[in-house]
Amino acid sequence: MSVRPIKRISVLGATGSVGLSTLDLVRRNSHKFKVVSLTAYSKVEELSALAIEFNAELAVIGDEKKLDALKERLAGTGIEVAAGEAGLIEAAEREAEIVMAAIVGAAGLRPTMSAVRRGATVALANKECLVCAGDLLMEEVRVHGATLLPVDSEHNAIYQVFEVERASSVERVILTASGGPFRGRSYESLKAVTPAEAIAHPNWDMGAKISVDSATMMNKGLEVIEAYHLFPIKKSQIEVVVHPQSVVHSMVEYSDGSVLAQLGSPDMRTPIAYSLAWPERMEAPVKRLSFTEIGALTFEEVDLEAFRCLALAREAMEAGGAAPAILNAANEVAVAAFLSEKLRFIDIPSVVSDTLAICDIKAPQSLSNVFEIDKIARAAAQNQLALRAI
Ligand code: NAD
Ligand code: MG
């Protein structure tokens with residue numbers, strides 16, 4: 001019997017929701033993995049505790065001001081430390097078969113690109129990367145022979161049922177959306193919602209930014225763009241349907257009328273386990289589905305008037321060029337402002353749409369171009385905030 005080699009794994013964004021779920025699976029399967037790099041933005045205590053527990057080779061803190069604190073905590077352990085963007089890139093460049101890209105936002109783009117450029121298998125949770133620089137990232141994946149495994153539950157579902165060799169027979173990709181905490185609410189009733197209400201997702205336990213994106217349905221908009229880059233399909237073939245139970249994680253329809261779906265409990269450890277074990281499968285400690293307990297699976301249309309962000313994301317995808325990167329940057333600024341109670345929930349789409357209207361959407365030619373666009377769009381979005389400050 002052949003013994004499987006241990007997989008070397010790095011986790012970028014180790015202290016976040018996806019990062020911790022990844023490490024939960026690694027902990028349960030410690031004989032299968034060796035942790036190489038772990039990164040976080042500012043949580044020194046959590047990062048150093050994880051680095052010690054998993055005996056990581058390298059621990060990186062994004063916030064450079066926290067480097068001394070990290071050094072202090074890891075003194076005498078033999079674990080190397082680094083900080084800032086250069087440190088995050090070093091973490092991604094360290095030799096490891098799998099890199100879990102679970103930093104939130106455009107901040108994850110450079111490290112993810114670094115892992116791709118050394119031909120690694122990248123488990124991609126960070127959807128903002130594909131939204132900002134999808135064409136550039138996918139081209140680098142091709143050139144460097146990297147493998148991109150989608151961790152986002154919808155895209156992981158599609159990946160599992162998309163028959164690449166029969167791509168021309170695919171008629172539709174149907175992304176399911178839970179509808180978030182405000183499903184069924186009118187635009188009018190969303191005027192006074194608080195950050196606490198917005199991040200209380202009915203089905204998924206996630207980081208604050210993606211939880212707000214789920215509440216505005218920008219998350220589904222970002223996912224439509226993500227799907228466009230990940231799979232050989234046309235923009236017009238991607239549909240969204242609201243499915244409040246979050247059991248069917250997405251579907252692919254073929255020319256003979258067959259619809260293939262992947263189902264499971266709403267627990268990120270299933271798509272993460274799929275990505276960590278690929279091309280095999282591994283045990284994940286998730287609740288098994290009981291169809292009799294669930295009883296009914298239901299589907300509804302999206303209310304595009306109450307949830308304008310989904311329509312905005314589609315428009316940005318259609319416009320192409322820099323529009324998706326601008327959409328993403330403006331959304332990151334608006335969501336951060338909403339979370340710190342400086343912007344109303346219903347003004348998130350207004351900031352995004354007005355920023356899109358004033359920025360040049362000429363397509364980025366390089367990664368540094370993407371960052372210039374990101375910077376300009378963030379500054380423009382900040383100005384929009386000032387006009388709408390609470
Ligand atoms: P989170 O906020 O819980 O964690 C984010 C991680 O990124 C943390 O470790 C944080 O320290 C790090 N980070 C934040 N800003 C950084 C910066 N500027 N530089 C370096 N590191 C930084 O987020 P999450 O919910 O785990 O989501 C991570 C990514 O995965 C997001 O792109 C999200 O859209 C995607 N995703 C998450 C889920 C989920 O269930 N949580 C599902 C699908 C996709
Ligand atoms: Mg998702």
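The values are calculated or read from the model by the stated rules, or taken from the named source; none is laboratory data. Worth saying up front: this structure is predicted, and the values here are computed from it rather than measured. Using ideal geometry, Cβ is built from the backbone for each residue, glycine included, and neighbour counts are taken over all protein chains shown. The area values use the complete protein model at the heavy-atom level, side chains included, leaving out ligands, DNA and RNA. Shrake-Rupley method; radii C 1.70, N 1.55, O 1.52, S 1.80 Å.
Please work out how much length the chain gains when fully extended from I358 to A379, using 0.36 nm per residue of separation minus the C-alpha to C-alpha distance, in nm with one decimal. Intermediate values should be presented prior to the final figure.
Working: separation 21, 0.36 × 21 = 7.56 nm, distance 1.14 nm.
Residue separation times 0.36 nm, minus the Cα-Cα distance, leaves 6.4 nm.
Can you tell me which of 11-21, 223-233 comes out highest on packing, and rank the rest after it, using the mean Cβ neighbours within 10 Å?
Working: 11-21: 25.3, 223-233: 21.8.
Result, highest mean first: 11-21, 223-233.
Sorted by mean Cβ packing within 10 Å, highest first, what order do the peptides 144-153, 167-176 take? Could you put the intermediate results ahead of the total?
Working: 144-153: 21.1, 167-176: 17.5.
Highest-to-lowest ranking by the protection proxy: 144-153, 167-176.
Can you give me the pair-distance distribution of the stretch 7-150, C-alpha pairs, 10 Å bins, whole percents?
13, 47, 32, 8, 0
Please report how far the C-alpha centroid of the stretch 245-298 lies from that of the stretch 31-57, rounded to the nearest whole angstrom.
29
Pick out, in residue order, every one of the chymotrypsin sites (Phe, Trp or Tyr not before Pro) in the stretch 257-335 that is DSSP loop and has at most 15 other C-beta atoms within 10 Å; say none if there are none. Don't skip to the end; give the middle numbers.
Details: sites: Y274, F291, F299, F307; in loops: F299, F307.
Sparse-neighbourhood loop chymotrypsin sites (Phe, Trp or Tyr not before Pro): F299.
How much length is gained if the chain between E72 and R281 is pulled fully straight, taking 0.36 nm per residue apart and subtracting their Cα-Cα distance, in nm to one decimal? Walk me through the intermediate numbers first.
On the way: separation 209, 0.36 × 209 = 75.24 nm, distance 3.91 nm.
Stretched fully, the E72-R281 segment lengthens by 71.3 nm.
Pulled fully out, how much extra length does the chain show between T292 and E171, if you take 0.36 nm times their separation in residues and subtract their Cα-Cα distance?
Details: separation 121, 0.36 × 121 = 43.56 nm, distance 3.10 nm.
Gain on stretching T292 to E171: 40.5 nm.
Measuring from centroid to centroid over Cα atoms, what is the spacing of the stretch 109-171 and the stretch 64-84 in Å?
32
List the trypsin sites (Lys or Arg not before Pro) in the stretch 186-226 that DSSP assigns to loop (not H, G, I, E or B) and whose Cβ has at most 12 other Cβ atoms within 10 Å. Which are they?
Values: sites: K191, K209, K220; in loops: K191.
Hits after loop and neighbour filter: K191.
What part of the accessible area of the chain, given as a whole %, is carbon or sulfur when the probe is 1.4 angstrom? Let's see the in-between values first.
Working: 8720 of 16850 Å².
The value for the chain is 52 percent carbon and sulfur by accessible area.
Give the whole-number value, in cubic angstrom per residue, of the convex hull volume spanned by the C-alpha atoms of the stretch 174-257.
Values: hull volume 9.3 nm³, N = 84.
Value for the stretch 174-257: 111 Å³ per residue.
Give the percent of DSSP beta bridges with both residues in the chain that are antiparallel, rounded to the nearest 5.
Working: 10 of 39 bridges.
Approximately 25 percent, going by the DSSP bridge assignments.
Can you give me the accessible area per residue for the chain, using a 1.4 Å probe, in Å²? Intermediate results must be reported in sequence, preceding the final value.
On the way: 16850 Å² over 390 residues.
That works out to 43 Å² per residue.
Would you mind listing how long the stretch 49-90 runs along its three principal axes, going by Cα atoms, in whole Å with the largest first?
Principal extents (largest minus smallest coordinate, Cα): 24, 18, 14 Å.
Calculated from DSSP H runs of 4 or more alone, at -39500 (n - 2.57) each and per residue, what is the 222 nm mean residue ellipticity of the chain, nearest 500? Write down the numbers at each step before the final one.
Values: 16 runs with 177 residues, N = 390.
The per-residue figure over the chain is -14000 deg cm²/dmol.
For R117 paired with F299, estimate the spin-label separation in nm (one decimal), with each label point 7 Å from Cα along the Cα-to-Cβ line.
Here the answer is 4.3 nm between the modelled labels.
Tell me the label-point distance for the pair L20, V259, using the 7 Å Cα-to-Cβ offset, in nm and rounded to one decimal.
If labels sit at L20 and V259, their model points lie 3.5 nm apart.
Calculate the spin-label point distance for H31 paired with L387, positioning each point 7 Å from the Cα along the beta-carbon direction, and give it in nanometres.
6.2
Within 10 Å, count the other beta carbons around each residue, average over each peptide in 311-317, 193-199, 337-343, 120-126, and list them highest first. If you can, show how the numbers build up before the last one.
Numbers: 311-317: 21.6, 193-199: 15.3, 337-343: 17.0, 120-126: 27.1.
Ranked by mean Cβ neighbours within 10 Å, highest first: 120-126, 311-317, 337-343, 193-199.
Order R166, R94, most accessible first, counting only protein heavy atoms with a 1.4 angstrom probe. Could the numbers behind the result be given before it?
Details: R166 120, R94 50 Å².
Putting R166, R94 in descending order of accessible area: R166, R94.
Output needed for the chain: three equivalent-ellipsoid semi-axes, defined as square roots of 5 times the C-alpha gyration tensor eigenvalues, in descending order, whole Å. List each step's numbers first, then the result.
On the way: eigenvalues 187, 141, 89 Å².
Result for the chain: semi-axes of 31, 27, 21 Å.
For the stretch 35-97, state which GluC sites (Glu not before Pro) are in a DSSP loop and have at most 11 other beta carbons lying within 10 Å of their beta carbon.
On the way: sites: E45, E46, E53, E57, E64, E72, E80, E85, E90, E93, E95, E97; in loops: E57, E95, E97.
Counting only loop positions with at most 11 other Cβ atoms within 10 Å, the GluC sites (Glu not before Pro) in the stretch 35-97 are E95.
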